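Peer 1: Sending over a structure as structure tokens; questions will come in a sec.
The values are calculated or read from the model by the stated rules, or taken from the named source; none is laboratory data. Everything numeric here is computed off the predicted structure, so don't read it as measured data. Glycine also receives a Cβ, built like all others from the backbone with ideal geometry; neighbour counts cover every protein chain displayed. Note: areas computed on protein heavy atoms with side chains; ligands, DNA, RNA excluded. Shrake-Rupley method; radii C 1.70, N 1.55, O 1.52, S 1.80 Å.
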Amino acid sequence: SLAGFGSLMQDVLWCFSQVKGTIDVGVTEADIISTVEFNHTGELLATGDKGGRVVIFQREQESKNQPHRRGEYNVYSTFQSHEPEFDYLKSLEIEEKINKIRWLPQQNAAYFLLSTNDKTVKLWKVSERDKRPEGYNLKDEDGRLRDPSMITMLRVPVLRPMDLMVEATPRRVFANAHTYHINSISVNSDYETYMSADDLRINLWNFEITNQSFNIVDIKPANMEELTEVITAAEFHPHHCNTFVYSSSKGTIRLCDMRTSALCDRHAKFFEEPEDPSNRSFFSEIISSISDVKFSHSGRYIMTRDYLTVKVWDLNMENRPIETYQVHDYLRSKLCSLYENDCIFDKFECVWNGSDSVIMTGSYNNFFRMFDRNTKRDVTLEASRENSKPRAILKPRKVCVGGKRRKDEISVDSLDFSKKILHTAWHPSENIIAVAATNNLYIFQDKVN
């Protein structure tokens, strides 16, 4: 239960107060973390990076000395998911960068996850092996074939204990279905199908079929000069296998029902907030582009993130969001310089906590923001190696826009826009969060009384 957030808010500081670990995974461009995802139990945490690697962290079991305190996350498995490729027909380099990771619910001792780069989705099986067979008749212990004439008796092979080994093997490769870059993958609640979305199309796959997919959304115009919007994110409903949403660069969200027709070119619901003419500017269209869309765990709400805000929509109300949270409104005066350095095109993600009562998203200067939907309180925290000692309390940060700056405030002019929190994840049932800051992964948990 995440009801503990209520008492947590009554404390002197509302914050994630205990740093469970700061995991530095490198310093090069290839080591920049590009996605973070907890599995359905929260026991595993996967990260993907620009070098095509997937690193899985496992939570330690409870210790006997402190049965109520769970252990930290340690490296469980590391494997190369994607390699750089070259499309000779289009003279196009295909990066190995992992765009998204999605876990499948665990059905047996093994774990399964989907990972994707710009063009290819792969299904990986992660399993443990702590025994090895010995006593083969036709092979020796090194695997070499034995001379049949030397075999004078039959042996019964036996399983011997060995050091635990975690193996990651690719079970399916879903390729050659996307002309444009894949930005989203989402596992359906039937656990038989999943979808992959690129800029103009969304495809539906069956996990057992790799050479064929069904195109369920196609917004590509007959004449590309007439193109006015692209798909930015897509996700299945958590409980209804026939329903999904996708967002666009125009700031709109479309809810589609696959029962209506094979091609969902007509949406069932259309969510759009009317623009305020007084806020109209050169940058309006850019900052209204939605970078992430997420269903709540209950399936009742949709959360979207654009450049400056996080919005919560009720599925039963299409004309405007029921909640709007300002992430970094102090950047409105900086949009011109943010446009010049391309930061205005950054794609921030957003996540719900397990009870849908708190939402989290990232910002610049390694800041990340949390909003409590019940109390309407919010907090800004910083993921920093200098400020984040193990078991230390994170202090809320404040940004000063103008006038006199207090001691504990930071001026908007001194924000570091090269440090940005684009990818975050929240444990499905506990107040544990994972925050990716460039090439570092920070794991925080709430204060333990």
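Peer 1: Which residue pairs have Cβ atoms closer than 6 Å, lie 6 or more positions apart in sequence or on different chains, and pair a first residue in segment 332-357 that is touching a residue at least 12 places away in the same chain (Cβ under 8 Å) and part of a helix (DSSP H, G or I) with a second residue that is surrounded by fewer than 18 Cβ atoms within 10 Å (Cβ to Cβ) and among the hydrophobic types (A, V, I, L, M, F, W, C)?
Peer 2: As it stands, the answer is Leu335/Phe283; Cys343/Phe417; Ile344/Ile286, since those pairs meet every condition given.
Peer 1: Residue by residue through segment 288-322, note down the ones that are farther than 15 Å from Cys350 by Cβ and among the β-branched types (Val, Ile, Thr). Give the steps one after another, and end with the answer.
Peer 2: Keep residues of segment 288-322 that are farther than 15 Å from Cys350 by Cβ, which gives 288, 298-300, 314-320, 322.
Scanning segment 288-322 gives a single hit, Ile322.
Peer 1: Specify the residue that is least open to solvent (accessible area, probe 1.4 Å); the eligible residues are those in segment 266-304 that are more than 19 Å from the chain's Cα centre (by Cα) and of a type in the set (Lys, Arg). Step through it out loud before you land on a result.
Peer 2: Step one: list which residues in segment 266-304 are more than 19 Å from the chain's Cα centre (by Cα), which gives 266-288, 300.
Keeping just the survivors that are of a type in the set (Lys, Arg) gives 266, 269, 280, 300.
Values: Arg266: 197, Lys269: 54, Arg280: 127, Arg300: 104 Å².
So the residue we want is Lys269.
Peer 1: Looking at segment 169-176, is at least one residue assigned to a strand (DSSP E or B), of a type in the set (A, V, I, L, M), surrounded by fewer than 20 Cβ atoms within 10 Å (Cβ to Cβ) and out of contact with any Cys (no Cβ under 9 Å at 6 or more places or on another chain)?
Peer 2: Taking segment 169-176 and keeping what is assigned to a strand (DSSP E or B), we get 169-174.
Applying the additional criterion that residues be of a type in the set (A, V, I, L, M) yields 173.
Then drop every residue that is not surrounded by fewer than 20 Cβ atoms within 10 Å (Cβ to Cβ), which leaves 173.
In the following step, the residues that additionally are out of contact with any Cys (no Cβ under 9 Å at 6 or more places or on another chain) were identified as 173.
Yes - at least one qualifying residue is present in segment 169-176.
Peer 1: Ok, one more. When you check Val310 against the structure, is it under 23 Å from Ser418 (Cα atoms), in a strand (DSSP E or B), open to solvent by 10 Å² or more (accessible area, probe 1.4 Å) and in contact with a strand residue (DSSP E or B) (Cβ under 9 Å, 6 or more places away or on another chain), yes or no?
Peer 2: Working: under 23 Å from Ser418 (Cα atoms): yes; in a strand (DSSP E or B): yes; open to solvent by 10 Å² or more (accessible area, probe 1.4 Å): no; in contact with a strand residue (DSSP E or B) (Cβ under 9 Å, 6 or more places away or on another chain): yes.
For Val310, the condition - under 23 Å from Ser418 (Cα atoms), in a strand (DSSP E or B), open to solvent by 10 Å² or more (accessible area, probe 1.4 Å) and in contact with a strand residue (DSSP E or B) (Cβ under 9 Å, 6 or more places away or on another chain) - is not met.
Peer 1: Looking only at segment 45-90, which residues are under 18 Å from Pro105 (Cβ atoms) and at pLDDT 95 or above?
Peer 2: Those that are under 18 Å from Pro105 (Cβ atoms) and at pLDDT 95 or above: Leu45, Ala46, Ile56.
Peer 1: Moving on to the next point. Any chance segment 147-156 includes a residue that's at pLDDT 85 or above, surrounded by 10 or more Cβ atoms within 10 Å (Cβ to Cβ) and outside any strand (DSSP E or B)?
Peer 2: Scanning segment 147-156, I find no residue that is at pLDDT 85 or above, surrounded by 10 or more Cβ atoms within 10 Å (Cβ to Cβ) and outside any strand (DSSP E or B), so the answer is no.
Peer 1: For segment 367-387, give me each residue that is open to solvent by 20 Å² or more (accessible area, probe 1.4 Å) and not β-branched (Val, Ile, Thr).
Peer 2: Across segment 367-387, the qualifying residues are Arg369, Arg373, Asn374, Lys376, Arg377, Asp378, Glu382, Arg385, Glu386, Asn387.
Peer 1: Let me ask you something else. Filter segment 392-437 down to residues that are touching a Ser or Thr at 6+ places or on another chain (Cβ under 6 Å), part of a loop (DSSP other than H, G, I, E, B), modelled with pLDDT under 85 and closer than 24 Å to Lys334 by Cβ, then give me how many there are.
Peer 2: Residues meeting the conditions: 1.
Peer 1: Can you go through Arg369, Arg385, Arg377, Arg373 and tell me which one is more than 23 Å from Phe295 (Cα to Cα) and basic (Lys, Arg)? Spell out the reasoning first.
Peer 2: Details: Arg369 fails: more than 23 Å from Phe295 (Cα to Cα); Arg377 fails: more than 23 Å from Phe295 (Cα to Cα); Arg373 fails: more than 23 Å from Phe295 (Cα to Cα).
Selected residue: Arg385, the only one of Arg369, Arg385, Arg377, Arg373 that is more than 23 Å from Phe295 (Cα to Cα) and basic (Lys, Arg).
Peer 1: When you check Leu164 against the structure, is it more than 29 Å from Lys97 (Cβ to Cβ) and without any contact (Cβ under 8 Å) to a residue 40 or more places away in the chain, yes or no?
Peer 2: Details: more than 29 Å from Lys97 (Cβ to Cβ): yes; without any contact (Cβ under 8 Å) to a residue 40 or more places away in the chain: yes.
The answer is yes for Leu164.
Peer 1: Further question: Hey, among the residues in segment 19-44 that are under 25 Å from Ile393 (Cα atoms) and of a type in the set (Asp, Glu), which one's modelled with the highest pLDDT?
Peer 2: Glu37
Peer 1: Can you go through Asp292, Asp372, Asp356 and tell me which one is at positive phi and touching a Phe, Trp or Tyr at 6+ places or on another chain (Cβ under 8 Å)?
Peer 2: Going through Asp292, Asp372, Asp356 in turn, just one is at positive phi and touching a Phe, Trp or Tyr at 6+ places or on another chain (Cβ under 8 Å): Asp356.
Peer 1: Name, by its number, the condition in (1) part of a strand (DSSP E or B); (2) of a type in the set (S, T, N, Q); (3) open to solvent by 30 Å² or more (accessible area, probe 1.4 Å) that does not hold for Thr361.
Peer 2: (3)
Peer 1: Check Glu141, Glu134 and return the single one that is open to solvent by 100 Å² or more (accessible area, probe 1.4 Å) and over 18 Å from Gly52 (Cβ atoms).
Peer 2: Being open to solvent by 100 Å² or more (accessible area, probe 1.4 Å) and over 18 Å from Gly52 (Cβ atoms) holds for just one of Glu141, Glu134, which is Glu141.
Peer 1: So which residues in segment 313-358 are of a type in the set (Val, Ile, Thr) and either open to solvent by 60 Å² or more (accessible area, probe 1.4 Å) or over 24 Å from Pro274 (Cα atoms) (or both)?
Peer 2: Start the filter on segment 313-358 by keeping residues that are of a type in the set (Val, Ile, Thr), which leaves 322, 324, 327, 344, 351, 358.
Selection gives Ile322, Thr324, Val351, Val358.
Peer 1: Also: Is it true that Arg132 is without any contact (Cβ under 8 Å) to a residue 24 or more places away in the chain and either of a type outside the set (A, V, I, L, M) or over 30 Å from Leu104 (Cβ atoms) (or both)? Break it down into steps so the answer makes sense when it comes.
Peer 2: Working: without any contact (Cβ under 8 Å) to a residue 24 or more places away in the chain: no; either of a type outside the set (A, V, I, L, M) or over 30 Å from Leu104 (Cβ atoms) (or both): yes.
Against the criterion (without any contact (Cβ under 8 Å) to a residue 24 or more places away in the chain and either of a type outside the set (A, V, I, L, M) or over 30 Å from Leu104 (Cβ atoms) (or both)), Arg132 does not qualify.
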